[in-house]
Every structure is written in structure tokens, then in C-alpha cells.
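Here's the structure we're looking at; comments come further down.
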Amino acid sequence: MAKSPTQSRAPASENLPRKLLLQPDRFEQALYQIADQAYRKRKQVTIAAVSVAVLVVALWGWWEYSKRQGIARAELYFAARQPFSNASLGEQKRLRQGIAGLEHFLEEVPDVALSVLALLELGASHARLQNWEDALQIWQRVLSHPQSSPEQHHTARLARAIALGELQRWDEAEQQLAAISDPEFDGLRTKLRSQLALRQGDKARAAELLRKLAAASANSPFKNDAEVQLLRLGL
């Protein structure tokens with residue numbers, strides 16, 4: 001029988017801060033970082049940012065699942081994604097082997113909660129290879145999965161919006177953002193919408209959205225950045 005994961009193993013596996021993995025209420029801050037990087041820096045950073053956020057959600061979910069259940073499925077999932085942290089492989093090979101591992105895991109256990117985490121990370125891996133269409137299809141499976149949580153839905157929709165923006169499918173990207181119903185994500189959606197507007201050359205729309213963020217309360221994670229961006233754009 002597989003051993004239960006130890007407390008230090010999950011965070012150490014990807015060198016991520018333990019408190020970030022263990023606090024689901026940090027999702028909004030993590031996702032804000034994606035939005036900020038995805039639309040202000042080059043495409044390679046966009047891909048990495050999507051992957052980091054999905055990884056945070058996936059590893060936190062894996063950690064909670066293994067902590068509560070302590071069963072072999074958690075170990076199987078962890079083993080499936082091991083190639084991603086194999087430093088002896090080049091990046092392309094790590095991604096392709098990791099994709100193969102996650103696909104095998106999904107064939108073995110397609111309907112459990114851990115399969116949603118595998119889908120999130122599988123989509124992110126395709127995004128890192130710039131296989132945007134494959135990533136979109138996989139993240140769509142998260143939305144239709146019977147075991148997916150609201151947080152996982154938000155993560156999948158955010159990732160899909162960013163991917164659709166990369167493909168310049170602006171209306172579809174907006175549809176994904178509009179479908180995120182949690183009001184706690186309003187600031188993040190406004191941020192992403194402003195950047196989508198800028199990429200389409202609609203500075204007036206971007207200015208309207210950035211001013212809305214700049215007028216937010218002082219503790220908003222979007223306020224200062226919006227003010228700086230307005231100055232940089234001369235708006």
C-alpha cells in the first residue's frame with residue numbers, strides 16, 4: 001500500500017510557499033498576479049503565469065485531498081506529475097512527459113476530485129507549449145466535471161480568458177470573464193478587461209476600466225497598479 005504523503009512533501013515538490021498552498025482565500029491574489037504578468041510582459045511570461053496559478057490551485061487541492069484521504073490516489077497523482085520537476089530533462093521533454101503522465105492518470109481515474117486538478121495542470125502544460133486550442137478544450141472539461149469546485153471553475157475560466165486573448169478571440173474571452181459570478185473576482189475581471197481593451201487598441205475603454213480600479217479602496221490589490229498604468233499610458 002502506498003504511504004500517505006508527508007507534510008513537507010507537497011510544498012517542497014515545486015518549491016512553493018507553504019502558506020500559499022494551504023490558504024484557499026489567497027486565490028484572488030495569486031490570480032491577480034497572473035493577470036498582471038500575462039498582459040504586461042511577453043508571451044513567454046503569459047504562459048508561465050497561467051501555469052503558476054494553475055499549479056498553486058492544483059497543488060493546494062492535492063495537498064488537501066491527500067491530507068484528508070491519505071490514500072493511494074493522491075500518490076498516483078503526485079507520481080504522474082513528477083516529470084515536471086525532473087531537472088535532468090529539458091523543458092520540452094519535461095512538459096511532454098508530464099502531459100503523458102497526467103493523461104494516463106486521467107484514463108485510470110477520470111471521475112474523482114483529483115482528476116479535476118490533473119485537468120487544470122494538463123491544460124497549463126499545453127499552454128506552456130503554446131498549444132492554446134488543446135489547453136482550451138482541457139480547461140473546458142474542468143467546467144463540465146462533476147467534481148469541480150467553484151474555485152476550480154474560476155481558475156479554468158480565467159485561464160481560458162487569457163488563452164482566448166492570446167488567440168485574439170476577444171468576444172469569447174469576455175464571455176469567460178462574464179461567467180465568473182463571484183463578486184470577489186470583480187477587481188480581477190476589470191483588470192483583465194482593461195488589458196484586453198488595450199490589446200485591441202481601445203484606449204478609451206481601457207482608461208474607463210483603469211479609472212474604476214484606481215478609484216477602489218486603498219487596500220485593493222489593483223489600485224496602485226491601475227494608477228501607475230494610467231500615468232504610463234498618459235490617460
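Quick note: the coordinates plus some simple rules give every number you see, no bench work behind them. Keep in mind that this is a model prediction, so the values were computed, not measured. Quick reminder, even Gly has a Cβ in these numbers, built from the backbone with ideal geometry, and neighbours come from all protein chains shown.
A few comments on the model shown:
- By average C-beta atoms within 10 angstrom, highest first, the peptides 89-101, 202-214, 107-119: 107-119, 202-214, 89-101
- Prolate/oblate/rounded label for the range 182-235 (Cα gyration tensor, a/c 1.5): oblate
- In Hz, Karplus ³J(HN,Hα) per residue of the range 142-153 (6.51, -1.76, 1.60; θ = phi - 60°; x = Gly, Pro): 4, 5, 9, 6, x, 9, 6, 9, x, 4, 5, 4
- Highest average packing first - 123-131, 77-85, 164-172, Cβ atoms within 10 Å: 123-131, 77-85, 164-172
- A simple count of charges around Leu119, restricted to other residues whose Cβ falls under 13 Å of its Cβ and scoring Lys, Arg +1 and Asp, Glu -1, yields -2.
- Net charge dipole size for the range 155-222 [Lys, Arg +1 and Asp, Glu -1 on Cβ; Debye, nearest 20]: 200
- On full extension, the segment bounded by Ser85 and Leu231 gains 48.5 nm, given 0.36 nm per residue less the C-alpha separation.
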